[in-house]
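Q: Pasting a structure below so you can have a look.
The values are calculated or read from the model by the stated rules, or taken from the named source; none is laboratory data. The shown structure was predicted, so the numbers you read here are calculated from the model rather than taken from an experiment. Neighbour counts are summed over all protein chains in view; Cβ atoms, including those assigned to glycine, are modelled from backbone coordinates with ideal geometry. In case anyone asks, the SASA skips ligands and DNA or RNA and just uses the protein heavy atoms, side chains included. Shrake-Rupley method; radii C 1.70, N 1.55, O 1.52, S 1.80 Å.
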Amino acid sequence: MTYKAVLISLGMLASASSFAADNFSIYLTRHAEKENSQSDKNPSLTGCGKVRAQQLATLLSSADIKQIYSTTYQRTMQTALPLSLQERISIKNYNPRFLTQIMMELKQNRENTLVVGHSDTTPMIAEYLSGQPLEQFKENQYQILYQVQFIDEEVILTTLTQPLECKK
């Protein structure tokens with residue numbers, strides 16, 4: 001290979017990796033199944049919820065996640081924890097009362113990210129990022145995982161379903 005061909009090949013590789021850097025995905029999910037307690041405002045996950053959280057970590061193991069966001073509630077932190085431990089990424093907390101801030105930050109960071117939220121906030125963030133209308137989750141919906149892909153100037157929303165079904 002000539003010197004000129006090597007330079008052209010290196011240039012193509014450099015432009016290909018900068019092209020790939022412009023493409024990223026944000027994954028959004030509601031916390032997994034929580035304990036049902038009228039008196040506890042901050043319940044932890046059920047056994048099934050812990051299995052679902054581990055399954056989420058397995059599903060995202062090859063997604064090259066660089067950031068993980070969660071509210072400070074036990075159920076969201078416990079849902080994010082298996083992926084955090086697996087990928088050795090600390091969990092960044094966000095306040096669900098200030099969604100505009102987290103939504104802007106997610107777009108600006110341009111990195112593969114997991115966001116764990118709640119039945120009302122998760123669809124709201126996915127709607128903002130994708131520009132597509134979404135409904136709040138029903139109380140018993142824990143299996144939905146949104147993937148918002150940013151490819152060049154295109155935004156693609158994919159709704160995924162975790163295969164785990166918990167029996168009560």
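Q: Give the stretch 104-122 a look and list any residue that's more than 12 Å from the chain's Cα centre (by Cα) and not polar (S, T, N, Q), or say none.
A: M104, E105, K107, R110, H118, D120
Q: Which of the numbered conditions does A80 fail, given that it passes all the others? Conditions: (1) open to solvent by less than 50 Å² (accessible area, probe 1.4 Å); (2) in contact (Cβ under 8 Å) with a residue 60 or more places away in the chain.
A: If we test A80 against (1) open to solvent by less than 50 Å² (accessible area, probe 1.4 Å); (2) in contact (Cβ under 8 Å) with a residue 60 or more places away in the chain, just (2) comes out false.
Q: Restricting attention to the stretch 46-62, which residues are under 19 Å from N112 (Cα atoms), open to solvent by less than 60 Å² (accessible area, probe 1.4 Å) and either out of contact with any helix residue (DSSP H, G or I) (no Cβ under 9 Å at 6 or more places or on another chain) or charged (D, E, K, R) (or both)?
A: Listed by number, the list is empty, since nothing qualifies.
Q: When you scan the stretch 135-166, how many residues do you find that are farther than 25 Å from S61 by Cβ and in contact (Cβ under 8 Å) with a residue 12 or more places away in the chain?
A: So the answer is 5.
Q: Look at the stretch 107-143 and say how many of its residues are in contact with a Ser or Thr (Cβ under 6 Å, 6 or more places away or on another chain) and crowded, with 17+ Cβ neighbours inside 10 Å.
A: Adding up the residues that qualify gives 4.
Q: If you don't mind, another one. Is it fair to say Y73 is open to solvent by less than 20 Å² (accessible area, probe 1.4 Å) and either more than 24 Å from S44 (Cβ to Cβ) or touching a residue at least 40 places away in the same chain (Cβ under 8 Å) (or both)?
A: So Y73 does not fit the description; no.
Q: Under 20 Å from M103 (Cβ atoms) and either assigned to a loop (DSSP other than H, G, I, E, B) or touching a His at 6+ places or on another chain (Cβ under 8 Å) (or both): is that true of Q132 in this structure?
A: yes
Q: Still on this structure: Residue by residue through the stretch 135-159, note down the ones that are in a loop (DSSP other than H, G, I, E, B) and out of contact with any Pro (no Cβ under 7 Å at 6 or more places or on another chain).
A: Answer for the stretch 135-159, where residues must be in a loop (DSSP other than H, G, I, E, B) and out of contact with any Pro (no Cβ under 7 Å at 6 or more places or on another chain): K138, E139, N140, Q141, Y142, Q143, D152, E153.
Q: Restricting attention to the stretch 144-157, which residues are hydroxyl-bearing (S, T, Y) and either open to solvent by 40 Å² or more (accessible area, probe 1.4 Å) or under 18 Å from Q78 (Cβ atoms) (or both)?
A: None; the set is empty.
Q: Working only within the stretch 137-168, note down all residues that are within 13 Å of the chain's Cα centre (by Cα) and of a type in the set (A, V, I, L, M).
A: Of everything in the stretch 137-168, those that are within 13 Å of the chain's Cα centre (by Cα) and of a type in the set (A, V, I, L, M) turn out to be I144, L145, V148, L157, L160.
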